[in-house]
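One structure is given here, and the rest of the page talks about it.
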Amino acid sequence: MRQKLVAGNWKMNLTYPEALALVGEIASLAGESGAANAPTVVICPPFPFLHGVGQQLPQASNFHLGAQNCHQKESGAFTGEVSAKMLASVGCEYVILGHSERRQYFREDDELLGQKLKAALAAGLKPIFCVGESLETREADETFSYIGKQLTDGLFHLSNEEFAQVVIAYEPIWAIGTGRTATSAQAQEVHAFIREQIARAYDAQAALDTTILYGGSANAQNAKELFSQPDVDGGLIGGAALKAADFTTIIRSF
């Protein structure tokens, strides 16, 4: 069975004391979620908090530390940037790449994301690679062609061995931070499409093995229904990840 996963993307929120308090509360509420059927849980705090949060994660083997981004180079004169190797050195195992906010606000394109993927994999990190369409793209009935291009240009250049380390997150941009959420049927339709594209680019087994997350205003109320869909393997959680009780409910939604 493919991996079930819930990732909490804290974005640019909290102070360091608040971050430690939050992870402590998550540890208290969800620390016993290390049962055999528990999903993998990835906590992705801002860069300055990584080491401290990592030290406070529940000892259950299903909890892991992730970062929200990395630079494409291993080192160099890139003031303010953080390399994948640096992330691995403080205990990160995952890194989010291609989030819609990085694409929109920082103009990250598929060529750059391809370089970041290679850098992350070389450092031993597992990328959570994001794809998703805007409201305009969906209303123009171009969702599948748009996401297909994101997959082909940004991800499918990887070898079979490299691709096996990747988690994909479908995040409809129109449902991020808007309170709107794709219906479970809409999410399933796109997840199934992504799996079909993987089968064409690699093979049927790769498609079956790839974890695909939903990321678009998933919360404690809708997670169970979303996660019940056959091709939805978990969630990339934003706002609800900042509330320990809600995040724990989402973890237990499987």
Restricting the stretch 112-143 to residues that are closer than 18 Å to His191 by Cβ and hydroxyl-bearing (Ser, Thr, Tyr), the one modelled with the highest pLDDT turns out to be Thr143
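Yes/no matrix, rows are residues, columns are (1) under 23 Å from Ser134 (Cβ atoms); (2) assigned to a helix (DSSP H, G or I); (3) polar (S, T, N, Q); (4) touching an Asp or Glu at 6+ places or on another chain (Cβ under 6 Å):
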position: Ala185; (1), (2), (3), (4): yes, yes, no, no
position: Glu196; (1), (2), (3), (4): yes, yes, no, no
position: Asp231; (1), (2), (3), (4): yes, no, no, no
position: Ala245; (1), (2), (3), (4): no, yes, no, no
So the strands (runs of 3 or more DSSP E) completely within the stretch 1-103 holding 2 or more residues that are more than 30 Å from Leu135 (Cα to Cα) and either among the hydrophobic types (A, V, I, L, M, F, W, C) or touching a residue at least 24 places away in the same chain (Cβ under 8 Å) (or both) are 63-67
Could you give me the residue pairs with C-beta distances under 7 Å whose first residue belongs to the stretch 117-130 and is closer than 17 Å to Thr40 by Cα and assigned to a loop (DSSP other than H, G, I, E, B), whose second residue is at pLDDT 95 or above and among the small types (Gly, Ala, Ser) wherever it lies, and which are 6+ apart or on separate chains?
Leu125/Ala84; Leu125/Ala88
When you scan the stretch 154-170, how many residues do you find that are under 15 Å from Ala119 (Cα atoms), out of contact with any strand residue (DSSP E or B) (no Cβ under 6 Å at 6 or more places or on another chain), in contact (Cβ under 8 Å) with a residue 12 or more places away in the chain and assigned to a loop (DSSP other than H, G, I, E, B)?
2
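The values are calculated or read from the model by the stated rules, or taken from the named source; none is laboratory data. Because the structure is a prediction, the values reported are computed rather than measured. Cβ sites come from the backbone with ideal geometry, for glycine too, and all protein chains shown count toward neighbours.
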